[in-house]
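Note sheet for the following structure.
What follows draws every value from the coordinates through simple rules; no lab data is involved. In this text the structure is predicted, and so the values were computed from the model without any measurement. Here the Cβ is made from the backbone with ideal geometry for all residues, glycine too, and neighbour counts use every protein chain on show.
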């Protein structure tokens, strides 16, 4: 039986690319989503990947959702914490809700998804956790104090948890994508998009499939000696 991989935010953008890449490698994949039922139904119809709806900022919802996934598909050995939101605003205009919404989803969500799975991975002496952070968690970004703080927190979470998992066969790594040609980025006005590309040494936006291939490697048996690492995939825009 193939290993089960759970991808949060796994029906759109980078998450969808990760889900489909893992399925193509033979994993049994479950993808979570928070709100867009039509997109989730279309994704399942196109890929055959089962989708499950819950809010990763809600710990109890994660516990019950993960239990449903494991009942239907089997024990989860691979977790990709990809779900994330933005609520951008300059700090002097940022509301408490904008701050809390992003922290709860992008940082608390990593805890809420990982914690219910951790003891099972420890017991089986195998696990792969990949946290999708961001270039802006490494370098910061104007009007994204909430997002940058959360994504930087994901990197710290990765490094600390990797030390706990290493002796029991669990690896924990982070990927920091740069600007990727997702639906969200492509919706940005062309002039702004051009200004972003001008800052990328490779001269182009990344592709979601390129991030997905990073995940496929990190969850493989071949990557068993890699843990606590942060893989930057940003076309040279920021070198850490």
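Data overview
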{"quantity": "The stretch 65-135 - percent relative contact order, Cα under 8 Å, separation 6 or more", "calculated": "47 percent"}
{"quantity": "Between 0 and 90°, nearest 10: helix 59-73 axis offset from the chain longest Cα axis", "calculated": "50 degrees"}
{"quantity": "Value of D in µm² per second that Stokes-Einstein yields for the chain, Kirkwood Rh from Cα pairs, at 10 °C (1.306 mPa s)", "calculated": "89 µm²/s"}
{"quantity": "Proxy reagent accessibility, fewest Cβ within 10 Å first, across 66, 85", "calculated": "85, 66"}
{"quantity": "Between 0 and 90°, nearest 10: helix 109-124 axis offset from the chain longest Cα axis", "calculated": "30 degrees"}
{"quantity": "Least to most buried among 229, 24 (fewest other Cβ within 10 Å first)", "calculated": "24, 229"}
{"quantity": "C-alpha long axis of helix 145-165 to longest principal axis of the chain, angle in °", "calculated": "30 degrees"}
{"quantity": "Least to most buried among 62, 100 (fewest other Cβ within 10 Å first)", "calculated": "100, 62"}
{"quantity": "Potential lengthening between residue 220 and residue 119 on full extension [0.36 nm per residue; Cα-Cα distance subtracted]", "calculated": "34.3 nm"}
{"quantity": "Förster radius 41 Å - calculated FRET efficiency between residue 71 and residue 207 (Cβ-Cβ, nearest 0.05)", "calculated": "0.75"}
{"quantity": "The stretch 78-162 - convex hull of alpha carbons, volume per residue in Å³", "calculated": "78 Å³"}
{"quantity": "Set of the stretch 151-191 residues, backbone N closer than 19 Å to the point 7 Å along the Cα-Cβ line of residue 46", "calculated": "180-188"}
{"quantity": "Residue of 196, 135, 175 that the Gaussian network model of the chain assigns the largest fluctuation, springs spanning Cα pairs under 10 Å", "calculated": "196"}
{"quantity": "FRET efficiency for residue 97 and residue 36, using Cβ-Cβ distance with R0 set to 22 Å, rounded to 0.05", "calculated": "0.55"}
{"quantity": "Estimated 222 nm signal from helices in the chain, with DSSP H stretches of n ≥ 4 weighted -39500 (n - 2.57), rounded to 500", "calculated": "-14000 deg cm²/dmol"}
